[in-house]
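Working notes, beginning with the structure itself.
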Amino acid sequence: MAFRDSSQNPPADRSETAWQAYANCAGLDPAMFFPERGEDHRPAIAVCASCLVRAECYEYGKDEQRGIWGGVSVYADRRRSQPSRVHRAERRRQRKAASKDRTS
Ligand code: SF4
C-alpha cells in the first residue's frame, strides 16, 4: 500500500516512533481517531489524508483492534481482508466435492 506522495520528503529520523513527531494528528483529540460504532470517521480520515507518515502509522496500528491508523479504519480494513461470501461459498463447494471424491 503506497501512501506517500513522491513529491513529499519522508521524515529523516527513522527510529521506531520518531515518525509520530510528523503526525498531522499531534495535538488533536485522540477520541477523533477512535470513533464509536456509528460515529462519523470522515473528519479523522481527512486529517490523515495529507499526513506524511501514513505508511508508518498504518504499520504501527496493524495489530490494533480499533481506531484509525494510517487513514484506514480497523473495521474497514478487517472487512477487506476477509474472504467474500462468494469465495467462502466456493470453498464450501470444493470441500464437498473433495469429500464426495474420497467416499466414492
Ligand atoms: S495517518 Fe496516523 S499519524 Fe497521520 S494523522 Fe492519521 S492517525 Fe495521525
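No value in this document is a laboratory result; all are computed from the given coordinates. Not measured: the values here are computed from a predicted model. We place every Cβ from the backbone using ideal geometry, glycine too, and count neighbours over all the protein chains shown.
Highest mean packing comes first when the peptides 32-45, 55-68, 90-103 are listed by Cβ atoms within 10 Å, giving 55-68, 32-45, 90-103.
With the charge dipole of the range 22-104 set up from +1 on Lys and Arg Cβ and -1 on Asp and Glu Cβ about the Cα centre, the Cα lying farthest toward the positive end among the listed residues 49, 32, 73 is that of 73.
Which of rounded, prolate, oblate describes the range 18-103, given a ≥ b ≥ c as roots of the alpha-carbon gyration tensor eigenvalues and a/c under 1.5 marking rounded, otherwise prolate only if a/b is larger than b/c? Prolate shape, in that a/c is at least 1.5 and a/b is the bigger ratio.
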